[in-house]
1. Hey, can you tell me all the residues within the stretch 9-29 that are farther than 14 Å from residue 65 by Cα and crowded, with 17+ Cβ neighbours inside 10 Å?
2. Tally time: how many residues in the stretch 30-48 are surrounded by 14 or more Cβ atoms within 10 Å (Cβ to Cβ) and under 13 Å from residue 7 (Cβ atoms)?
3. Could you check the stretch 73-86 and list, in sequence order, the residues that are without any contact (Cβ under 8 Å) to a residue 24 or more places away in the chain and either part of a strand (DSSP E or B) or loosely packed, with under 14 Cβ neighbours inside 10 Å (or both)?
4. Consider the stretch 3-31. How many of its residues are touching a Lys or Arg at 6+ places or on another chain (Cβ under 6 Å) and in contact (Cβ under 8 Å) with a residue 60 or more places away in the chain?
5. Of the residues in the stretch 32-48, how many are of a type outside the set (A, V, I, L, M) and either touching a residue at least 24 places away in the same chain (Cβ under 8 Å) or in contact with a Pro (Cβ under 7 Å, 6 or more places away or on another chain) (or both)?
6. For a quick check of your reading: which strands (runs of 3 or more DSSP E) sit entirely within the stretch 1-72 and have at least 3 residues that are closer than 17 Å to residue 84 by Cα?
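FYI, it's all coordinate maths here, none of it is from the lab. For clarity, every value in this text was computed on a predicted model and none was experimentally measured. Methodologically, a virtual Cβ is constructed for each residue, glycine included, from the backbone with ideal geometry; neighbour enumeration extends over all protein chains shown.
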Amino acid sequence: MELGRVVKSIKGRDQGKTYIIWKVLDKDFILVVDGNKRLIASPKKKRIKHIEYLDYRLDNIGVKIQSGQKVFDSEIYSNLKKIQNTDLMNGGK
């Protein structure tokens, strides 16, 4: 579970939505954000068993989170959009 790792929800009302890991709470729960509906100010608490790890990691954002630098919702949203557009171009995952 790396900060900035891109994940997809596989259970719940948000099934199929893409997020990044914002914070690890414990061995069972994480906080995720998407920069649009789930903002940094109100991250979503997700069970780890209800997510799927994707092959992407937003290293620039992960480093900022770990070092305590300011991260903006807009940069999270735009990076996730790029990944989603790439997946659509490649036939999805």
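1. Residues satisfying the conditions are 9, 14, 17, 18, 19.
2. Result for the stretch 30-48: 10.
3. Hits for the stretch 73-86 are 82, 85, 86.
4. Total satisfying the criteria: 2.
5. Result for the stretch 32-48: 6.
6. Ranges flagged: 5-9, 18-24, 51-57.
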